[in-house]
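The values are calculated or read from the model by the stated rules, or taken from the named source; none is laboratory data. Keep in mind that what you see is a predicted model, and the values were worked out from it rather than measured. Because the Cβ atoms are built from the backbone with ideal geometry, glycine has one as well, and the counts that use them run over all protein chains shown. Heads up: the accessible areas ignore ligands, DNA and RNA and are worked out on the full protein's heavy atoms, side chains in. Shrake-Rupley method; radii C 1.70, N 1.55, O 1.52, S 1.80 Å.
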Amino acid sequence: MAGTGGRQRPLVADRRYASRQATQSGAKTPPPGKPKTPRKPRSPRPPRRGGGGLSGLVLGLFGFLFAVIWGAVWRTTAVVGIILGLATFYFYSQLPDYTALLDGRNRGSVTLIDNAGQVFAWRGETFGGQTTAENVSPFLKNAIIATEDKRFYRHFGVSPRGIASAIAINLSEGRGPLEGNGGSTITQQVAKLLCLGTAYDPKRWKTEADYETDCRSGGIKRKIKEIPYALAMEVKYSKNEILTVYFNRAYLGAGARGFEAAAQRYFGISATNVNPQQAAMLAGLLKAPSTYAPTTNLKRSQDRAGMVLALMHEQGYLTDAQWQDARAHPATLSEAAQARAGGYFADWVMDSIPDYFGKNATADVVIRTTLDQRIQTAAEEALKSIFDTRVKDGSTAEAAIVVMSADGAVRAMVGGRKTKVSGAFNRATQAKRQTGSTFKPFVYAAALDLGWTPDSIVEDAPLTINVRGSGPWSPKNYDKDFLGPIPIWRALAKSINTATVRVSQSVGLDAVRKVASDFGFASDLAAGPALALGVSESTLLEMTGAYAGILNGGSSVRPYGLTDLRLKGEQEPLFGAQTGIGERVISEKAARELMWMMHQGVEQGTGMRARLDGRQVAGKTGTTQAARDAWFIGFTADYVAGVWMGYDDNRPLTGVTGGGLPAQIWHEVMVRVEEGQPVTPLPMALPEEWRGQPDPNNVYPGRAWSSGDPIPEGGVPVVDGQLVTSDRPVPQAPPAPQRQGPQSFGEAIDSMLRQLY
């Protein structure tokens with residue numbers, strides 16, 4: 001069918017079919033009146049690679065393994081992260097306020113103060129008081145960060161870089177990966193100091209040292225535990241609060257816990273005021289406190305501080321000028337720390353107090369003592385001087401010194417040649433040795449108290465006593481010579497054995513024993529006649545205290561070193577001692593006469609090497625059987641001092657008597673002690689017949705002369721280097737007091753002697 005104009009119109013069915021095709025193909029029908037835009041032909045798709053062959057198999061296997069590993073990694077990471085988060089949260093919930101962590105000591109400290117109020121010794125763990133990161137010296141803060149953890153302010157408690165570096169160093173030096181350098185941050189070190197929150201339990205650890213060793217132990221388990229604890233601390237506390245805990249908890253040697261205590265102990269100043277070199281020395285202690293402590297080896301500590309100063313300079317904490325100045329002027333100890341005086345003395349005082357105030361103290365205790373550090377130093381220097389100049393090299397002979405006041409207050413104590421010690425055997429207080437002739441003054445004290453006078457006559461002649469159960473006993477004189485009848489002052493001055501035994505037998509051994517024990521001999525005294533010659537044992541401290549009783553006028557003395565004990569911060573003492581003077585033992589007259597007799601022993605007897613120019617001295621030498629012990633104990637008007645010398649194994653000394661090296665040591669001690677002190681005469685009583693006689697130097701009164709010899713103007717005649725004894729009549733020894741009942745052995749001997757002489 002044709003249309004108008006010869007054009008053929010499409011059929012309706014054709015139009016519908018075309019429309020459906022367009023719809024199915026997704027093409028849009030252009031709006032009426034608009035021409036269709038021709039579609040751009042698609043680029044041909046590249047042909048697929050072939051999926052077969054070896055390469056396809058390898059690629060497929062790689063993809064599978066990657067998928068498995070990736071899945072395991074992210075799952076493991078997720079599990080570890082959850083566990084770490086839970087552990088961190090657990091530790092976070094257990095952490096207290098940081099102020100509760102500053103003083104973690106389980107034991108208290110004991111601070112010992114001398115008679116001038118200066119600290120001279122510490123025992124236990126001292127805590128100098130709380131210090132913070134804000135008020136501590138910036139030099140100290142920077143030194144610690146430069147040395148221990150330079151990224152402290154940039155990490156979150158753990159430094160993977162630091163751990164990796166430490167492992168590499170350990171492996172390169174042949175150690176295990178976690179042996180030696182641990183790569184711990186300051187936060188991790190604080191975690192160790194806190195023992196990861198585990199408190200000390202005596203049931204689990206025998207001692208606190210075991211506890212701290214366990215807390216500081218390394219290993220993988222310890223590192224794994226440290227990480228969440230360190231993270232928890234970083235969440236709970238600020239950086240400065242973590243540093244504050246570190247400043248107060250770190251152990252820094254010599255019993256110092258915390259930087260404040262260490263600064264006070266080593267430098268005598270607060271941690272707030274330390275300079276760069278002092279700060280470097282303190283920071284250097286963290287690596288090994290006992291090894292680098294300046295009280296152990298100052299040079300080693302200074303070398304370590306030099307390394308810390310270099311790190312501070314390298315990291316910009318010190319200018320060039322500050323670094324050069326600190327290197328040129330290394331830190332040194334304070335005078336008190338450098339001297340470390342009173343080690344033996346401090347041990348003795350600590351042993352005299354209850355353990356709950358000393359070794360087992362849970363609170364901080366302050367003890368005021370009688371120690372005089374000037375006198376202590378004098379004693380130590382004098383001992384060293386004599387051994388350096390008068391004793392052969394390599395000698396193992398030992399010596400001990402005690403200096404005290406007349407009331408028993410101990411001013412100095414040297415318990416052996418090694419004076420810079422703590423906890424060592426103290427020969428002044430622990431060694432019981434035979435006293436020898438230093439016991440003789442107590443024989444004459446008993447006689448004088450019974451009415452004898454220094455001019456009373458006693459016979460120096462051979463003597464044999466039949467001792468019940470032992471047979472005959474014959475004492476010998478040191479020079480094997482006999483002088484005949486002599487005054488007792490001369491018998492004591494010349495330390496004549498036979499005369500002393502006769503006096504002891506005359507007054508009675510019981511009387512001698514009572515006088516000696518009342519003067520302070522705590523040891524058992526011998527029962528036989530050899531008692532008079534010092535066969536009983538005693539310590540140097542006891543003997544010096546007994547001589548102090550003579551100086552104070554005849555009263556007993558209890559040597560003491562503690563003045564008062566109080567808790568730190570408290571004003572009222574818990575207990576103390578003001579004096580060691582006890583009951584009267586002999587009359588004051590007898591004590592002052594005995595003092596004069598002992599003065600003659602130094603002036604013209606066995607103790608002449610102890611004399612001091614221009615100052616009166618009284619004393620007595622002592623040498624035991626086979627010269628196993630040598631003593632000199634004497635006094636001026638100011639102080640009593642005792643010296644003992646011998647071997648620890650009780651071997652005999654070679655060529656040493658009490659009048660030799662011990663007297664010389666005593667002399668050197670007292671020259672230093674009395675230097676600059678006013679001269680005070682001894683309070684001695686002269687024999688009545690001798691008063692007002694001429695004295696060549698107007699210093700030593702009471703010298704005798706022969707009435708037949710001309711007397712030089714203002715002087716005293718001397719024959720063959722010895723003072724001449726008086727030829728005037730002297731009173732005889734008074735009879736022993738009558739006692740009721742049967743005679744004792746001593747009384748029987750006394751009766752026999754009176755019949756013979």
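Answer yes if at least one residue in the stretch 565-578 is modelled with pLDDT under 95 and in contact with a helix residue (DSSP H, G or I) (Cβ under 7 Å, 6 or more places away or on another chain), and no otherwise.
Here is the first cut: in the stretch 565-578, the residues modelled with pLDDT under 95 are 565-578.
Restricting the remaining residues to those that are in contact with a helix residue (DSSP H, G or I) (Cβ under 7 Å, 6 or more places away or on another chain) gives 565.
Yes: one or more hits.
Go over the candidates Lys480, Lys514, Lys476 one by one and state the one that is surrounded by fewer than 21 Cβ atoms within 10 Å (Cβ to Cβ), on the phi > 0 side of the Ramachandran plot, basic (Lys, Arg) and under 50 Å from the mean Cα position of the chain (by Cα).
Step by step, each of Lys480, Lys514, Lys476 is checked, and only Lys480 is surrounded by fewer than 21 Cβ atoms within 10 Å (Cβ to Cβ), on the phi > 0 side of the Ramachandran plot, basic (Lys, Arg) and under 50 Å from the mean Cα position of the chain (by Cα).
Looking at Ala626, is it aliphatic (A, V, I, L, M) and open to solvent by less than 10 Å² (accessible area, probe 1.4 Å)?
No.
Out of the residues in the stretch 282-313 that are closer than 17 Å to Tyr246 by Cβ, assigned to a helix (DSSP H, G or I) and under 20 Å from the mean Cα position of the chain (by Cα), which is modelled with the highest pLDDT?
Looking at the filtered set, the residue picked out is Leu282.
Is there a residue in the stretch 445-453 that is under 26 Å from the mean Cα position of the chain (by Cα), of a type in the set (D, E, K, R) and at pLDDT 95 or above?
Looking for residues that are under 26 Å from the mean Cα position of the chain (by Cα), of a type in the set (D, E, K, R) and at pLDDT 95 or above, one finds none in the stretch 445-453, hence no.
Looking only at helices (runs of 4 or more DSSP H) that lie completely in the stretch 195-277, which have at least 1 residues being without any contact (Cβ under 8 Å) to a residue 12 or more places away in the chain and open to solvent by 40 Å² or more (accessible area, probe 1.4 Å)?
208-215, 220-236
How many residues are buried (at least 24 other Cβ atoms within 10 Å of the Cβ) and more than 23 Å from Asn497 (Cα to Cα) when one looks only at the stretch 543-553? Give the steps one after another, and end with the answer.
Within the stretch 543-553, the subset buried (at least 24 other Cβ atoms within 10 Å of the Cβ) is 543-551.
Adding the requirement that they be more than 23 Å from Asn497 (Cα to Cα) leaves 545, 548-549, 551.
Residues that pass the stated criteria total 4.
List, please: which pairs have Cβ atoms under 7 Å, are six or more places apart or on different chains, and start with a residue in the stretch 415-439 that is within 21 Å of Met350 (Cα to Cα) and end with one that is in a loop (DSSP other than H, G, I, E, B) and basic (Lys, Arg)?
Gly415/Arg427; Gly416/Arg427; Lys420/Arg340; Ala424/Lys418
Answer with yes or no whether Trp644 is under 26 Å from Ala530 (Cα atoms), part of a strand (DSSP E or B) and at pLDDT 95 or above. Please lay out each step first, then the result.
Details: under 26 Å from Ala530 (Cα atoms): yes; part of a strand (DSSP E or B): yes; at pLDDT 95 or above: yes.
So Trp644 fits the description; yes.
Return the total of residues in the stretch 640-661 being free of Cβ contacts under 8 Å to residues at least 60 places away in the same chain and of a type in the set (Gly, Ala, Ser).
Total meeting the criteria: 3.
So which residues in the stretch 289-322 are out of contact with any helix residue (DSSP H, G or I) (no Cβ under 9 Å at 6 or more places or on another chain) and of a type in the set (A, V, I, L, M, F, W, C)?
Passing the criteria: only Ala321.
Of all residues being open to solvent by 70 Å² or more (accessible area, probe 1.4 Å) and either of a type in the set (Ser, Thr, Tyr) or assigned to a loop (DSSP other than H, G, I, E, B) (or both) in the stretch 323-379, which is modelled with the lowest pLDDT? Just the residue, please.
Arg340
Output the qualifying pairs, or none if there are none: Cβ atoms under 7 angstrom, residues six or more apart or on different chains, first residue in the stretch 71-86 and in contact (Cβ under 8 Å) with a residue 12 or more places away in the chain, second residue assigned to a helix (DSSP H, G or I).
Leu84/Pro228
With respect to Ala310, determine if the residue is farther than 21 Å from Leu112 by Cα, open to solvent by less than 60 Å² (accessible area, probe 1.4 Å) and aliphatic (A, V, I, L, M).
yes
Looking at the stretch 554-608 only, could you name the residues that are open to solvent by 30 Å² or more (accessible area, probe 1.4 Å) and part of a helix (DSSP H, G or I)?
Within the stretch 554-608, Glu588, Lys589, Arg592, Met608 meet the criteria.
If we scan the stretch 79-93, do we find a residue that is under 19 Å from Leu193 (Cα atoms), modelled with pLDDT of 85 or more, of a type outside the set (Phe, Trp, Tyr) and open to solvent by 50 Å² or more (accessible area, probe 1.4 Å)?
So far as the stretch 79-93 goes, yes, one or more of its residues are under 19 Å from Leu193 (Cα atoms), modelled with pLDDT of 85 or more, of a type outside the set (Phe, Trp, Tyr) and open to solvent by 50 Å² or more (accessible area, probe 1.4 Å).
Given the conditions (1) in contact (Cβ under 8 Å) with a residue 60 or more places away in the chain; (2) crowded, with 24+ Cβ neighbours inside 10 Å, report the number of the one that Ala499 does not fulfil.
Only one criterion is unmet by Ala499, namely (1).
Restricting attention to the stretch 518-540, which residues are open to solvent by 50 Å² or more (accessible area, probe 1.4 Å), without any contact (Cβ under 8 Å) to a residue 40 or more places away in the chain and closer than 22 Å to Val640 by Cα?
Residue satisfying the conditions is Ala522 alone.
Could you count how many residues in the stretch 435-457 are open to solvent by 10 Å² or more (accessible area, probe 1.4 Å) and either of a type in the set (Val, Ile, Thr) or touching a Gly at 6+ places or on another chain (Cβ under 7 Å) (or both)?
3
Of all residues being open to solvent by less than 30 Å² (accessible area, probe 1.4 Å) and touching a helix residue (DSSP H, G or I) at 6+ places or on another chain (Cβ under 6 Å) in the stretch 422-434, which is farthest from Tyr547 (Cα to Cα)? Just the residue, please.
Top of the filtered list is Asn426.
Test each condition in (1) over 30 Å from Pro330 (Cβ atoms); (2) modelled with pLDDT under 90 for Glu241 and report the one that comes out false.
Going through (1) over 30 Å from Pro330 (Cβ atoms); (2) modelled with pLDDT under 90 one by one, Glu241 breaks only (2).
Listed here are the residues, each with its yes/no results for (1) farther than 22 Å from Gly423 by Cβ; (2) in contact with an Asp or Glu (Cβ under 9 Å, 6 or more places away or on another chain); (3) small (Gly, Ala, Ser).
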position	(1), (2), (3)
Ser217	yes, no, yes
Lys221	yes, no, no
Ile224	yes, no, no
Val235	yes, no, no
Phe247	yes, yes, no
Leu285	no, no, no
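Within the stretch 139-154, can one find any residue that is open to solvent by less than 80 Å² (accessible area, probe 1.4 Å), under 30 Å from Lys420 (Cβ atoms) and assigned to a loop (DSSP other than H, G, I, E, B)?
Restricting attention to the stretch 139-154, the residues satisfying the condition of being open to solvent by less than 80 Å² (accessible area, probe 1.4 Å) are 139-149, 151-152.
Right, trim to under 30 Å from Lys420 (Cβ atoms) and you get 139-140, 143-144, 147.
From what is left, the residues that are assigned to a loop (DSSP other than H, G, I, E, B) are none.
No: zero hits.
Could you look through the stretch 113-138, keep only residues that are hydrophobic (A, V, I, L, M, F, W, C), crowded, with 21+ Cβ neighbours inside 10 Å and out of contact with any Leu (no Cβ under 8 Å at 6 or more places or on another chain), and pick out the one that is nearest to Ala288 (Cα to Cα)?
Per the criteria, the residue is Phe127.
Going through the stretch 177-213 one residue at a time, which ones are modelled with pLDDT under 80 and under 27 Å from Ala146 (Cα atoms)?
Pro177, Leu178, Glu179, Gly180, Asn181, Gly182, Gly183, Glu212, Thr213
Right, Met543: under 25 Å from Gly676 (Cα atoms), touching a residue at least 12 places away in the same chain (Cβ under 8 Å) and not in a loop (DSSP other than H, G, I, E, B) or not?
So Met543 does not fit the description; no.
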